[in-house]
Amino acid sequence: MANIYLIRHGFTPANNANYNCQRGIREIAEDRDMPLERNYGVRQAEEAGIFLNNLINGKSLVFVSPYRRTLETFKYASENMNKDLDVIIDERIREIDSGVHYARPKEDVKRDFPETGGFFKALESGKADSVPYYGGESQKDVRNRVYGFAMNVLNICDSDDYDNILIFTHGVAMHWIYYWLNNGAELKTGLKNCEIIKANGDDAGKSLFIPVAYVPKGFLIDIPKYIDLVNNEKELKKVKTKILNKHIQYKC
C-alpha cells in the first residue's frame, strides 16, 4: 500500500491580504494565475522538496492542482528531489472559488459587500459548510468535487503500482481529500503554507513538515512587481513546460 502525502502550496501574494491585511492584491492576478511569492513562497517550496527527498523511497505518483501557485510549488520542490516521479495535473483538486472574498481583507469584504453578512454569521457559528462564499463555492461544493478524486487515489493506493502518492493542492481541498480518505475524519484547520500531512496509515493526520521560512508581520507585497511577473508569459510558459515534461495525464 502506498503512502499518501498532502502538500499545501507555498505562500502567495494573495495570502498577504489577510495575513498582513494588505489591500490591492487582487490587481496582481485572478486566483488561478496567482504566483508564489518570490522570496518566502519559493523558499518554502524548496524546503518541502528537500524534506520529501529524504522522506520517500521508490516510485511516486504526484497529483498537482492546475493553479499557478501549486504548479510552481511542485516545480521548486521537484528541483530538490532526485526521485522517480509520474505527474498528473488534476482540475478536481483546485482551490475553492471564494468569489468576492478572494485576496481581500475580511473587513473590506464586510464593508464593501454587506450581502456577505449571512456567510460570516454562518462562519462564526461553525455552520458554514453549505453556505457559499459570495459569488463562489461552499465547503460542501469542494467536498463533493474531490470525492471522485479521493476514490481514485484509494484505488491507486491499493494497486501497488506506486510506493508514494504526493498531492500538491490547497488548504480547503486538503481538508476534504483527507476526509474522504479517512472515512469522514476531520483534518486540523489552519494549515501552514507548504505544510505536509500524512494522509493514511497509523499516523494519518500527522503534520510531518512545516517550513522554516515564514512571513514576518508587517511584510508587504510589491504589487507592481508581481503584476509584471504575471504578465511575463515567458516565465509562466517555463513553469508549465517544466511540469508537462513529466506530466502523464491531465484530468478535468
- helices (runs of 4 or more DSSP H) within the range 15-85 that include 2 or more residues among the hydrophobic types (A, V, I, L, M, F, W, C), more than 23 Å from Lys217 (Cβ to Cβ) and assigned by TED's automatic domain parsing to the domain that holds Leu208: 40-55, 68-78
- Return yes when Asp163 is of a type in the set (Asp, Glu), under 30 Å from Ala2 (Cβ atoms) and touching a Lys or Arg at 6+ places or on another chain (Cβ under 6 Å) and no when it is not. yes
- Query: Taking interchain pairs and intrachain pairs at least six residues apart, which have beta carbon atoms under 6 angstrom, with the first residue in the range 111-125 and free of Cβ contacts under 8 Å to residues at least 40 places away in the same chain and surrounded by 15 or more Cβ atoms within 10 Å (Cβ to Cβ) and the second part of a helix (DSSP H, G or I) and not charged (D, E, K, R)?
  - Reply: Phe113/Val100; Thr116/Val109
- Would you check which residues across the range 205-225 are in a loop (DSSP other than H, G, I, E, B) and touching a residue at least 24 places away in the same chain (Cβ under 8 Å) and list them? Gly205, Pro211, Val212, Ala213, Tyr214, Val215, Lys217, Gly218, Phe219, Leu220, Ile221
- Task: Please work out if Ile28 is in contact with a Pro (Cβ under 7 Å, 6 or more places away or on another chain), β-branched (Val, Ile, Thr) and at pLDDT 95 or above.
- Result: yes
- Query: Limited to the range 7-24, what total is found for residues that are surrounded by fewer than 23 Cβ atoms within 10 Å (Cβ to Cβ) and among the hydroxyl-bearing types (Ser, Thr, Tyr)?
  - Reply: 1
- Message: Could you check the range 86-126 and list, in sequence order, the residues that are in a loop (DSSP other than H, G, I, E, B), of a type in the set (Gly, Ala, Ser) and out of contact with any helix residue (DSSP H, G or I) (no Cβ under 6 Å at 6 or more places or on another chain)?
- Response: Ser98, Ser125, Gly126
- Task: Identify the residue in the range 183-200 that is modelled with pLDDT of 95 or more and surrounded by fewer than 17 Cβ atoms within 10 Å (Cβ to Cβ) and, among all such residues, is nearest to Pro66 (Cα to Cα).
- Result: Lys192
- Task: Go through the range 1-14 and give me each residue that's at pLDDT 95 or above and part of a loop (DSSP other than H, G, I, E, B).
- Result: Ala2, His9, Gly10, Phe11, Thr12
- Message: Can you find a residue that is modelled with pLDDT of 95 or more, more than 16 Å from the chain's Cα centre (by Cα), closer than 26 Å to Ala14 by Cβ and not hydroxyl-bearing (Ser, Thr, Tyr) anywhere in the range 159-168?
- Response: no
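The values are calculated or read from the model by the stated rules, or taken from the named source; none is laboratory data. Keep in mind it's a predicted model, so treat the numbers as computed, not measured. As a convention, Cβ positions derive from the backbone with ideal geometry for all residues, glycine included, and neighbour counts pool all protein chains shown.
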